């Protein structure tokens with residue numbers, strides 16, 4: 001069974017953390033993964049930095065820019081992750097835009113992920129129909145899950161389509177805006193959470209965008225299996241450094 005499925009079957013609400021590989025420093029990637037696991041995080045999304053991250057807010061954009069300047073790229077990331085499964089047992093997901101994956105070669109990228117022990121990918125700009133027609137078999141051959149995103153403007157028809165071919169979880173984006181943590185959610189967002197919850201989808205949902213503290217975490221887990229935190233975690237890294245990871249994760253729950 002895929003490690004993502006195993007984690008989703010566990011009792012309780014999940015906390016997934018996104019961070020940008022190669023930030024704050026080029027050699028921090030693996031150390032951050034170790035510290036996140038030690039802090040009790042359920043899943044980790046490793047961000048593959050890209051020069052034009054359209055869906056990301058200023059915090060993640062800035063971390064991507066700095067990571068690229070530090071020398072992070074696909075080959076460096078794969079080199080850093082060699083042997084990661086000797087010490088890390090929780091699900092690891094690579095999140096990034098399709099261009100670097102296409103440049104590397106989709107087959108080679110997926111094969112490398114499988115060799116390293118990556119459990120799945122999140123590729124926000126890879127359309128579901130294009131994935132299904134061209135790449136689904138490659139992902140399956142390499143035992144990789146591909147998690148799709150839904151947002152408030154996603155039609156019910158599209159959501160049902162995504163649900164029908166999804167494995168792992170559906171990444172439920174809390175708003176139509178770019179990434180970035182907030183202190184609370186609007187009534188409109190709560191209505192959206194409730195609407196999707198009532199659809200009784202077969203695939204578990206994890207909510208991201210706008211989650212960054214205990215209050216927002218506790219809100220979204222009422223309507224989903226868990227929460228994804230990215231911008232707020234990266235901001236904490238910037239302000240307080242890697243040694244603050246345990247205390248930050250502790251403050252969320």
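The values are calculated or read from the model by the stated rules, or taken from the named source; none is laboratory data. Model, not experiment: these values are computed from the prediction. Note: ideal-geometry Cβ built from the backbone for every residue, glycine included; neighbour counts use all protein chains shown.
A compact table of results
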read-out	value
Qualifying residue in the range 198-210 (condition: assigned to a helix (DSSP H, G or I) and either over 24 Å from residue 95 (Cα atoms) or modelled with pLDDT of 95 or more (or both))	no
Unmet criterion (only one of (1) assigned to a helix (DSSP H, G or I); (2) under 17 Å from residue 4 (Cα atoms); (3) in contact with a helix residue (DSSP H, G or I) (Cβ under 7 Å, 6 or more places away or on another chain)) for residue 162	(2)
Qualifying residue in the range 138-147 (condition: at pLDDT 95 or above and over 20 Å from the mean Cα position of the chain (by Cα))	yes
The range 165-183 - residue that is surrounded by fewer than 16 Cβ atoms within 10 Å (Cβ to Cβ) and touching a helix residue (DSSP H, G or I) at 6+ places or on another chain (Cβ under 7 Å) and, of those, modelled with the lowest pLDDT	183
Criterion: within 15 Å of the chain's Cα centre (by Cα) and either over 23 Å from residue 4 (Cβ atoms) or touching a residue at least 24 places away in the same chain (Cβ under 8 Å) (or both) - qualifying residue of 44, 26	44
Within the range 208-242, considering residues that are without any contact (Cβ under 8 Å) to a residue 24 or more places away in the chain and over 16 Å from residue 45 (Cβ atoms), the one surrounded by the fewest Cβ atoms within 10 Å (Cβ to Cβ)	239
